[in-house]
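Below is one structure, written out as structure tokens; the observations come after it.
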Amino acid sequence: MSKSSKRYWLWPLLAIVLAGLIVAAWLFVRQGGLPTLIASRVGSGSPVNLKDPALIARGRYLALAGDCVACHTVPRGDLYAGGLEFVTPFGTLYSTNITPDKNNGIGSWTADDFWRVMHYGVSPRGFLYPAFPFTNFTNLSREDSDAIFAYLMSRPASSQPNSQNRMPFPFNMRFAVLGWRMLYFRPAEFRPDPSQGAEWNRGKYLVDGLGHCNMCHSGRGPLASLPASRYLSGGEVVGQGWYGPALNQEGLAQWSVEDIAALLRTGVSPKGAAYGPMADAVFHSLQYLTATDAKAIATYVKTVPTKEPPELVSIAVNAAETEQLMAEGEALYRKECADCHQPNGEGSGLAYPPLAGNGSVTAGNSMNVIRIIQAGAVAPSTDGNPRPYSMPPFGQRLTDREIAALATYIRRSWGNRASAVSPAQVAKYHGVPL
Amino acid sequence: METTQLPHAARAASPTRRPGRPESWAAWLIVAILGVFGAGGKAVAAEVPDTMEQRLMGCAACHGVHGEGVAYNQFYPRLSGKSADYLYHQLKAFKDGQRRYTQMVYLVRFMDDAYMREVADYYARQAPHYEPPASTEGIAPAVLQRGQALVEQGDAQLGVPACAACHGTRLEGRDPAIPRLVGMSRSYLTAQLGGWKNGARQAVAPDCMHEVVDRLSTADIEAVGIWIASRPGSDTLQAEPASATQKLPLVCGSMQQ
């Protein structure tokens, strides 16, 4: 072979490498560009007085709306000192200390550093894992980011050290997060939709931003990404064994704006009650929303277009078996459930939610029904509902088959048309942490 | 009294999730007709009693409506008539992660302090119920003697005070924060003592139960459980009052809360 023919083969290779580099550079710019590598490239906001009591008060409200405390505080631990464990399919993560401690907290950060965390998902320590909802917080305004920072810096410092994440290769390399970001993250700035009213826009700002509702209520794509095609279409809550029902036109068709706002602020409503991770969200965060903000959220989520439903995780139950489960379930329902939820599944006011037409009951994924029969539930104590009624657990007394029969009956009666539940599906939730 | 009117007709008229399907139209038509008839006849009202009994139906599944326990499983502790502070401290310990029984943690996690107080007071007000004394048939006399000695005298060599020194001469508990032991099942007692020993169960420092149980062997724990479970309760047995002059042998954090 001559030298010239070798060179002839080199050109396409070079072209491919060059194209790859161009695509990578383009994706790098799209995930935030230089500010994600170089802190000084992050634009400075207008100077703010972090000691301003009004700013701090606003920041406190926003920190509550964002539910910072739920992830950044352990029981009996210092407020906002982190340390909560998150078991994900990619490894185990720990939330960090966000008190003003200089060594273990964020005491040496500037408002620009904090903005870089919220808007770009990059802290002075490097790229953050997307378990921290920067894909939502990127929508925050600079003013709101500064207010939250002012509030956190006004809190007592805690020297509680951070725990080491336990992530296996390759997820232990922070740089691997850059790859994820290039595929799935775009810094965003919330732009109000001029065709909608102020209330709707405020609702969208809260839902997509601080509320980070899609972390639990959207279907996930590859590598735990949150594709737009499954936005608020319902999804499994990562690592928790609960299902976040769809928050969209179809899922909330039977809910009024007032019903939704009541659930957010009190934990109960005529259409359903908060339990599992939602009880957590109401208890630590949503109950503190102003009536105006709760109504704004409700107004917005009722208009979210219905996207593709998440793929079903069900074990097929044939027609004969379904019929048998229905018969067993009906007898059990009359004995165990009808006193509170009524023979027709309508529930009893705010004390016992309806099962007929309840989106959490009829979701494609049956895990909520199974789990709540197994473990029972208590709505969270809130100002609006300080002494909640409760539902007993049945897992200690009923067999998997009995629970499957009950779940099947509840999912397929009074106009509900969801799939049957097999005893094998019930068995999957033994020992799943609550 | 909280009264709820169930809006049959209103619900029947609300839109279905998939109005396009003929069978769903037919079903809703039938429901609507029934609903109209129902509303025309008599309004159906479901009254949910505004009582703690009703609010705590979730607890009743394992502890009984009045904290009297349940027949199908003796493990679940009887709550009726136990000291209010003790019960409140336990709810708080489940909420804060000091006690780790998953089911309890799940149910109390989002209760606030005021409600936990009210729940504790409710069970404390109920008349005590006792597990019938467990038979000691087939238990080696040496084991029974060891159990009785630890409960009534303690073991000075090990530095273990008598259970009765704090929990009352008849193990009836001491207000406001020391729980009754008589009438609890052996399985529950040994599980708790084991928990104190291995740290699964903890109390506010100084954690005197851990200090005491740490000095006991597992054989001692078995013996104590067997002896206490064999003690009879009685309806007239009341927790000793807080004013009892007897000095307690240990300083316990949960007594000072």
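A few notes on this one:
- Of the residues making up the range B:51-72, those that are assigned to a loop (DSSP other than H, G, I, E, B), out of contact with any strand residue (DSSP E or B) (no Cβ under 9 Å at 6 or more places or on another chain), buried (at least 17 other Cβ atoms within 10 Å of the Cβ) and at the interface with another protein chain (Cβ under 10 Å from one of its Cβ atoms) number 0.
- Evaluation of A:SER229 against (1) surrounded by 18 or more Cβ atoms within 10 Å (Cβ to Cβ); (2) part of a helix (DSSP H, G or I); (3) polar (S, T, N, Q) (one fails), failing number: (1)
- Being within 14 Å of chain A (Cβ to nearest Cβ), under 14 Å from the mean Cα position of the chain (by Cα), touching a residue at least 24 places away in the same chain (Cβ under 8 Å) and assigned to a helix (DSSP H, G or I) is not true of B:MET104.
- Which listed residue, of A:GLY251, A:GLY234, A:GLY241, is within 14 Å of chain B (Cβ to nearest Cβ), farther than 18 Å from A:PHE134 by Cα, in contact (Cβ under 8 Å) with a residue 60 or more places away in the chain and within 11 Å of the chain's Cα centre (by Cα): A:GLY234
- Residues that are under 23 Å from B:TYR88 (Cβ atoms), of a type in the set (S, T, N, Q) and in contact with a helix residue (DSSP H, G or I) (Cβ under 9 Å, 6 or more places away or on another chain) occur at least once in the range B:170-187.
- Residue satisfying all of: in the range A:30-87; in a helix (DSSP H, G or I) and under 23 Å from A:LEU434 (Cα atoms); nearest to the other protein chains (Cβ to nearest Cβ) among these: A:ALA70
- The set of residues in the range B:121-157 that are exposed (fewer than 15 other Cβ atoms within 10 Å of the Cβ), of a type in the set (D, E, K, R) and not in a helix (DSSP H, G or I) contains only B:GLU137.
- Pairs linking a residue in the range A:411-434 that is farther than 20 Å from A:GLU321 by Cα to a residue that is of a type in the set (S, T, N, Q) and at pLDDT 95 or above, with Cβ atoms under 7 Å and 6 or more positions apart or on different chains, are A:TYR429/A:GLN374.
- Listed by position, the helices (runs of 4 or more DSSP H) inside the range A:282-386 whose residues that are within 12 Å of another protein chain (Cβ to nearest Cβ) and not polar (S, T, N, Q) number at least 3 are A:338-341, A:367-375.
- Restricted to the range B:73-94, and to residues there that are in contact with a Lys or Arg (Cβ under 6 Å, 6 or more places away or on another chain) and not hydrophobic (A, V, I, L, M, F, W, C), the residue that is nearest to the other protein chains (Cβ to nearest Cβ) is B:TYR88.
- Residue list for the range A:149-164, filter: crowded, with 18+ Cβ neighbours inside 10 Å and either in contact with a Cys (Cβ under 7 Å, 6 or more places away or on another chain) or more than 24 Å from A:TYR61 (Cα to Cα) (or both): A:GLN160
- All told, B:ARG201 falls short of being touching a Cys at 6+ places or on another chain (Cβ under 7 Å) and modelled with pLDDT under 90.
- Conditions (1) over 19 Å from B:SER254 (Cβ atoms); (2) outside the structural domain of B:LEU250 (by TED's automatic domain parsing); (3) free of Cβ contacts under 8 Å to residues at least 12 places away in the same chain; number of the one not met by B:GLU118: (3)
- The listed residues are A:THR266, A:THR303, and the only one of them that is surrounded by fewer than 19 Cβ atoms within 10 Å (Cβ to Cβ), among the polar types (S, T, N, Q) and at pLDDT 95 or above turns out to be A:THR303.
The values are calculated or read from the model by the stated rules, or taken from the named source; none is laboratory data. From a predicted model like this one, the values you see are computed outputs, not experimental measurements. FYI the Cβ positions are ideal-geometry reconstructions off the backbone, even for glycines, and counts take in every protein chain you see.
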